[in-house]
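The values are calculated or read from the model by the stated rules, or taken from the named source; none is laboratory data. The structure displayed is predicted, hence computed values, not measured ones. Every residue, glycine as well, gets a Cβ built from its backbone with ideal geometry; the counts of neighbours run over all protein chains shown. All accessible areas refer to the heavy atoms of the entire protein, side chains included, with ligands and DNA or RNA removed. Shrake-Rupley method; radii C 1.70, N 1.55, O 1.52, S 1.80 Å.
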Amino acid sequence: MGNESEDTPNVVSSQVKTYDPEIYDNASAFFRNNDIVASDSSVKNVVQGHVTSCPDLNTNSKVVQDKVISLLKECIDCGVDGFRFDAAKHIETPDDGDYITESAGSYYKAKTGDNLYIYGEILNNCGSGRSYSSYTKYINVTDNKTGDSVLANVVKGKASNAASSSYKSGVAASDVVLWAESHDTYEGDSGAGGISNTSKVSDENITKAWAIIAARKDATSLYFARPGASLMGEAAGD
């Protein structure tokens with residue numbers, strides 16, 4: 001939905017008009033019009049700032065919430081058993097979190113008898129004045145610093161540090177999603193623990209780190225399938 005230009009972050013892409021004219025024609029009801037760049041410096045900057053060239057969805061608006069819930073229900077009807085909320089720390093809590101995730105969860109429970117699995121991407125921290133507990137009441141969250149630390153210690157050959165059972169986020173294991181590397185650390189430089197980019201780390205060390213992470217009781221672990229020489233979005237060659 002975002003515009004292509006960082007110079008005009010509050011402009012909604014013209015493509016939106018082709019698939020949802022309601023959003024395009026009523027952009028002011030769906031997006032915040034501000035010049036705040038998302039950062040961890042304050043609550044307002046975290047949840048109301050724009051990320052790169054994306055206009056900020058007003059997720060505490062019932063109009064936006066109803067649209068999101070409608071999409072989640074449509075996906076559940078297609079057989080989806082869980083959701084990942086990208087950049088979850090940029091979504092207000094608890095009002096919209098309670099409304100969106102619990103509505104989808106109740107819908108899934110009534111349809112399947114099981115529990116819907118939802119987790120949100122929160123990189124490094126929640127931002128100034130914020131707490132993981134605002135999210136873990138409703139969804140699981142990523143703890144990238146823990147996985148990054150395990151990988152860094154595997155690479156350094158420090159087994160006892162790699163095997164530490166603590167969590168950098170302070171979140172309970174049952175609420176945590178971990179990884180040894182992700183698409184962001186492989187393609188970019190968002191890794192912590194001293195290794196900002198993981199693409200040069202050997203497959204052997206990645207596998208060792210993931211085995212340690214996956215062995216943790218109650219936590220959920222993700223394994224990133226390396227694309228080899230392929231670019232993101234292309235069929236993997238590895």
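Using θ = phi - 60° in the Karplus curve 6.51 cos²θ - 1.76 cosθ + 1.60, the 3J(HN,Hα) couplings for the stretch 144-155 round to 5, 5, 5, x, 4, 5, 4, 4, 4, 6, 5, 4 Hz; x is entered for Gly and Pro. For the stretch 1-140, a Kirkwood hydrodynamic radius built from all Cα pairs, placed in the Stokes-Einstein relation at 4 °C and 1.567 mPa s, yields a translational diffusion coefficient of 82 µm²/s. Considering only Cα atoms, the convex hull volume of the stretch 36-107 works out to 91 Å³ per residue.
Could you please state how large a percent of the accessible area of the chain is carbon and sulfur, counting protein chains only and using a 1.4 Å probe? If you can, show how the numbers build up before the last one.
Numbers: 6150 of 12330 Å².
Carbon and sulfur: 50 percent of the exposed surface of the chain.
From the Cα gyration tensor of the stretch 191-236, with a ≥ b ≥ c the square roots of its eigenvalues, which class applies: rounded if a/c is under 1.5, or else prolate if a/b is larger than b/c, or else oblate? It comes out prolate by the Cα gyration axes.
A simple charge model with +1 on the Cβ of Lys and Arg, -1 on the Cβ of Asp and Glu and nothing else charged puts the dipole of the chain at about 920 debye relative to its Cα centre.
Do any GluC sites (Glu not before Pro) in the stretch 1-82 lie in a DSSP loop with no more than 15 other beta carbon atoms within 10 Å, and if so, which? Please list the in-between numbers first.
On the way: sites: E4, E6, E22, E74; in loops: E4, E6.
Listed in order of number, the matching sites are E4, E6.
Seen from G193, the other residues with C-beta closer than 13 Å to its C-beta sum to a net charge of 0, counting Lys and Arg as +1 and Asp and Glu as -1.
Which pairs, out of K109/K208; K44/K111; K158/K217; K44/K67; K62/K145, put more than 26 Å between their alpha-carbon atoms? Can you show the working numbers first?
Numbers: K109/K208 37 Å; K44/K111 37 Å; K158/K217 21 Å; K44/K67 23 Å; K62/K145 34 Å.
The answer is K109/K208; K44/K111; K62/K145.
Run the numbers on the chain and let me know its relative contact order in percent, using alpha-carbon pairs under 8 Å that are six or more apart.
Working: 386 pairs, mean separation 30.2, N = 238.
Taking the mean separation of contacting Cα pairs over the length of the chain, I get 13 percent.
Each residue of the stretch 47-54 is assigned a 3J(HN,Hα), and the resulting list reads 9, 10, x, 8, 9, 6, 9, 8 Hz, derived from the Karplus form 6.51 cos²θ - 1.76 cosθ + 1.60 (θ = phi - 60°), x at Gly and Pro. The distance separating the Cα centre of the stretch 195-238 from that of the stretch 114-144 comes to 22 Å. Kirkwood radius for the chain, taken over all pairs of different Cα atoms as the inverse mean of 1/r, rounds to 19.4 Å. Rolling a 1.4 Å probe over the protein chains gives V155 an accessible area of about 70 Å².
Which semi-axis lengths, in whole Å and largest first, follow from the square roots of five times the eigenvalues of the Cα gyration tensor of the stretch 102-172?
31, 16, 9
If both residues of a DSSP beta bridge must be in the chain, then about 20% of such bridges are antiparallel. Average accessible surface for the chain: 52 Å² per residue, computed with a 1.4 Å probe over protein heavy atoms with every protein chain in place.
Which whole-number percent gives the relative contact order of the stretch 148-238, counting Cα pairs below 8 Å spaced six or more residues apart? All intermediate terms of the calculation are to be shown ahead of the outcome.
On the way: 121 pairs, mean separation 28.8, N = 91.
RCO, the stretch 148-238: 32 percent.
If we sort 50-59, 186-195, 216-225 on the protection proxy, mean other Cβ atoms within 10 Å, highest first, what's the order? Before the final figure, lay out the partial values.
Values: 50-59: 18.6, 186-195: 16.5, 216-225: 14.4.
Top to bottom by mean Cβ count within 10 Å: 50-59, 186-195, 216-225.
Per residue, the convex hull spanned by the Cα atoms of the stretch 102-221 measures out at 121 cubic angstrom.
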